[in-house]
1. Report those helices (runs of 4 or more DSSP H) wholly inside the stretch A:195-256 carrying at least 2 residues which are charged (D, E, K, R) and either at pLDDT 90 or above or open to solvent by 90 Å² or more (accessible area, probe 1.4 Å) (or both).
2. Among the residues of the stretch D:101-118, how many are of a type in the set (D, E, K, R) and either buried (at least 24 other Cβ atoms within 10 Å of the Cβ) or within 19 Å of D:Met346 (Cα to Cα) (or both)?
3. Please give the number of the condition A:Ile225 fails out of (1) touching a Pro at 6+ places or on another chain (Cβ under 7 Å); (2) of a type in the set (Val, Ile, Thr); (3) under 30 Å from A:Asn109 (Cβ atoms).
4. Could you grab me the full set of residues in the stretch A:91-122 that are at the interface with chain B (Cβ under 9 Å from one of its Cβ atoms) and β-branched (Val, Ile, Thr)?
5. Can you tell me which residues in the stretch D:351-389 are of a type in the set (Ser, Thr, Tyr) and open to solvent by less than 10 Å² (accessible area, probe 1.4 Å)?
6. List the number of the failed condition for B:Thr198; all other conditions in (1) open to solvent by 30 Å² or more (accessible area, probe 1.4 Å); (2) assigned to a loop (DSSP other than H, G, I, E, B) hold.
7. Looking only at the stretch A:29-55, which residues are over 16 Å from the mean Cα position of the chain (by Cα) and open to solvent by less than 10 Å² (accessible area, probe 1.4 Å)?
Amino acid sequence: MEMLVVNNLYKSFGGVKAVSNINMKIEEGQIVGLIGPNGAGKTTFFNLLTGIYSPSSGDIVYKLNQEISSINFRPSRMVKYGVARTFQNIRLFKEMTVLENVLIGYHNNFKYNLFTSLFRLPGYYKHEDEAYDEVVELLKTFNLYDKKDVLAKNLPYGEQRKVEIARALASKPKLLLLDEPAAGMNPQETRELTELIQWIREEFDLTVILIEHDMSLVMDLCDDIIVFNYGTLLARGTPEEIQNNPEVIKAYLGGE
Amino acid sequence: MKILTKKNIYTLVLVLLIYFLVLLLSNVGIIDSYIQLNMVIVGINIILAVSLNLITGFTGQFSLGHAAFMAIGAYASGIMTAKLGQPFIVGVAVAALSASLAGLLIGIPTLRLRGDYLAIATLGFGEIIKIIGLNNDYVGGAIGLNDIPRYTNWTWLYFSVIATIFIISNFVKSYHGRACISIREDEIAAEAMGVNTTYYKILAFVIGAFFAGIAGALYANYFYFIKPDTFGFMKSIDILVIVVFGGMGSITGSIVGAVILSVISSFLQGFPELRMVIYAVILFLIMVYRPQGVMGDKEFKLFNKEGGLSGNVSSK
Amino acid sequence: MEHFIQQIVNGISLGSIYALMALGYTMVYGIIKLINFAHGEIYMVGAYIGYALTTFFNFGFFPALILSMILTSLLGVVIEKVAYKPMRNSTRIAALITAIAVSMFLQYGMMYFVTPQTRSYPNILPDIQVSLFGTNAVVDIRNIYILTVTIVLMLLLQYVIHKTKTGKAMRAVALDGDASQLMGIDMNKTISYTFAIGSALAGAAGVLVGIYYNTINPLMGAVPGLKAFIAAVIGGIGVIPGAVFGGFFLGVTETVVSALGGSLYKDAVAFAILILVLLIKPNGIFGSNQREKV
Amino acid sequence: MKKVVSVFLVLIMVASLVVGCSSDSGQGSGDADTIKVGLNYELSGNVASYGTDLSDGIEMAIEEINKNGGVLGKQIEVIKMDNTSDSAEAANISERLITRENVVTILGPATSGNTKGALPPAEQHGVPLVSASATADDVTVDSNGKVRDYVFKTCFSDSYQGVTMANFAYNDLGLKNAAILVENTSDYSIGIQNSFIEEFTKLGGKIVAEEAYQSKETDFRAVLTNIRAANPEVLLVPGYYEEVGLIIKQARELGIDVPILGGDGYDSPEILDLAGADALNDVYYSNHYSPMDTSEEVVAFRNAFKEKFGREPGAFHAMGYDLGYFFADAVERAGEASPEKIRDAMAETVDFKGITGTLSIDENHNPVKAVTILELVNGEPKFLKKLEP
């Protein structure tokens, strides 16, 4: 089942085309790698997928719980549609603890109303406890439980990346967009991350799209790889196909 | 039931104990009218500071127009009680509601503005409210509104302060409040996590203005007399100073800040010529040596989780 | 018609004062991102220095203007070194409150020494009115002085900023402080220069106001300071021509509002315009839109 | 959450007690050797210039009184505090002066608004409060028409000056079309304006233009240009000299040469510096006295003031000075420095002779005094007429 359809997508900033003529379909349950040289438009594409930018032309359609087109995208609604993301330049809530960060991810799953919160009615305790239990469970799988009360800014880089993924997962998404999840990690951490992503895909029944420069991670993890170059879709295929694609090799090696 | 924890019961007992203790001390004359007046000033400042802290300290929306909400509350209650002869409860209710309506209005620019630009826009809003007051003959214009009945007493003051602290600290510890804090930390990430930042920014203004309106009502119905000048730019700054001095994002900080700054102000009354010069120097020294405020963003806890006395400072 | 011409003349004189002050605001904000609330007080001090020079030392207009500019630029540099430098790495709000503290300190310190009473400037410029185009509309010779001095100072400022090394350093720091430091620009020196120039302009505005309106007092800086900031924001903060435009725009708008019978609401209109401009163009009319990188 | 509540409570109490006790030093000792009088004035904030002038005048008077042996054989001790031009702070200071400093009378504040803030504690504790400059009608009489027992003023009510000038313009000058330029941030200015309009239109006059300015403004050309377009025969500017000086100057520059009318706010030597002698012709204002008075007391005051402060006194100085003597006179007649006795003595004041004229206190605790109308001729005030009450 396809869950994402992109049709003739264009995005330009002041005349400069950042993304042009993208067409693709993504199947449910896959891990898709998005690679390409710097400035190829990968992050812009993510921002289009999450409503931070709106397309100059063309559209994006999700077929998740319901069918939604990019006209209705707003960053704050994407979670409701089942799309969660992480950021290339980690955007954690620095002065909040790990636990609080992940609770923000859980935001849309809270059920009690404003009145309950202002007067701390019994519903508050019930729902906060539920949320706490779920989030703690999540933190344990990420090996972050003993750091739950540490301020996010005090964590090492690798763990900050993990918190960001945990935060995105707490929103219970159908599609997870990871923007360079392994950036700044050492090989050991990268290996762990690879396993973790594989595991969460199974456990949470997710589709994952990830931007990554670490080729070993991409080749190990992805079922399907998409290559961007100068804002256009250069190639798509299995890891083997991509590794042997002369166009891709040319783009990566630069020139001839 | 989680509500009936030891801690909560102790707190409730303490709250009532202090209420009756002050009542008793006032009746026997140990707390005289001068102390009462200062308690009213401190109490009103606490309400103002805690409510501004929600907007600026927790949600990160830099506001220089908080006095305007107070003005709206003061005039609303003044009109209700002095002109229309309504009981105080009506005055307070109308004050709070009309101020929060104004909060809704000023919340709208926050959708597009942030940081210093928002500060300037809220400052402008505050001045506009003041100018409207100056030119409205019904409420006396520059002459002010006089002979407002004094309804504010210890009971009203105390329970308004308690209600403000109770409700706002409940709010910031709920998922709604956490959403506000996440906006302060990183608006884009908050959006991406599904926080409707528009809604929460306006909500913070509405709730903050609601309590500032109550503070205005308490003010008008204690001091008998209000004039638009009282609620100018400098009043907003005074409130902001309390919040920053106490610590942005710390409710106990706002309380401590309100108390300490009132003490400083009383102390300076004895230096008539140099009062404001010394105040400026104190303000400057505080900002240089303790820019994060007395409490930082920590809360002071009197009871630990089990309900014993702890008196330690802990992270919220 | 003559009514209209008169009001425009009135507006332009008022506007040139706002413009001079807005220039200083905009430069300082551009470089350290601080709303320098003490700017209005520097203008006040400038007015008092001019007053002392002309009254007690019998200085003429230009010597008083220039000496007053030099002294206020020193004051600006001292304020930056003593008060703002320690705050460079603290939060914006703490820095803002520091600026307010400095402003109060100058207001009330001045009040302590010179009493809160208003003072009036001696008449050091000839008191001549020129009637315009043979109508009833009049222009005071001092209007012409103010406008000329304002324009000359603005041209000078444009030259300094675009043609001199210091000016280029200022623009570089305003654009990206860290990067320009890496390129070998002395941040402290550049900030000092900015304060010196901005304060000198405020000092000049102070003297001009003293001569034009004839009255000064220790609290005179508060409202024009705020108005100048509004002017700077309307024009796009950090943009020199923007500040000039904002100043004249605000001056003329206020006069027009008064002329249309809205004198009671002219400040409210000024603020309303500010809010509107911010809502439509958050970076001001001449400001470039910046987008946060995601 | 609730722990937060409790901390605040402890703090608020401790602090209040500290505040309460810190200034307790005066208690118990103030009865015997000195008579304490509290000054509750605007020494900072936007009306600081009025407050400082008044308190300078009062302090000068008290100094003289003390030098001449004080009152009832005791020295008068002045306790001066700054209410920062804020009405709540004025209330706070009244409360402190009464309960902590044990003053027998409070003098001040300068403006009507702050006086309204300052008076409730005086009423509650039964300590007289006298203002020499709070001109609003509802300072001494509350909105129900009941006289406030302990509040007095020694200056005209706004309505009195407004009515006087309306009559003067219509009857004496014979002018029918008036324009008004009011300071809309000042209750004083608006008070005069309102009563002027009422009286002037009742007489048959017409208001052809109403414009406004704000305190501390310096450019009035826009509103004056409007007024010029309305072609009034007379212009009422009920403000203080600080702005009025500039208004007159700018009005004359714009070619508005009709008579300009005002109230006692014009009385300051500064007005001459601000407007220049040429502009100050055909300007009329009501005042308590003529500063050109050559009577012995006035000359003595002017000389003493010049010696002390090195400049000419203004109206506020003179009124403050008189207020100091007014207080001493009441204490003398009370025979005892108790607030109640002083209040009674003040209420019974008949023909107190000060440098700003002779006054009696009426049943509304307002002064009954003659109003003088002065004309400025080349900047010099000339006595024009005196209206007995």
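1. Result: A:239-243, A:246-253.
2. Residues in the stretch D:101-118 being of a type in the set (D, E, K, R) and either buried (at least 24 other Cβ atoms within 10 Å of the Cβ) or within 19 Å of D:Met346 (Cα to Cα) (or both): 1 in total.
3. Going through (1) touching a Pro at 6+ places or on another chain (Cβ under 7 Å); (2) of a type in the set (Val, Ile, Thr); (3) under 30 Å from A:Asn109 (Cβ atoms) one by one, A:Ile225 breaks only (3).
4. Correct list: A:Thr97, A:Ile104, A:Thr116.
5. Correct list: D:Thr356, D:Thr372.
6. (2)
7. Result: A:Gly36, A:Ala40.
Conditions (1) in contact with a helix residue (DSSP H, G or I) (Cβ under 8 Å, 6 or more places away or on another chain); (2) within 8 Å of chain B (Cβ to nearest Cβ); (3) within 30 Å of A:Asp214 (Cβ to Cβ), marked per residue:
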| site | (1), (2), (3) |
| --- | --- |
| A:Pro37 | yes, no, yes |
| A:Asn65 | yes, no, no |
| A:Asn72 | no, no, no |
| A:Asn89 | no, no, yes |
| A:Tyr124 | yes, yes, no |
| A:Glu128 | yes, yes, no |
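The values are calculated or read from the model by the stated rules, or taken from the named source; none is laboratory data. Just so it is clear, the model here is predicted, and its values are computed rather than measured. All Cβ positions, even for glycine, are placed from backbone atoms using ideal geometry, and neighbour counts span all protein chains on display. The accessibility values were calculated without ligands, DNA or RNA, using every heavy atom of the protein model including side chains. Shrake-Rupley method; radii C 1.70, N 1.55, O 1.52, S 1.80 Å.
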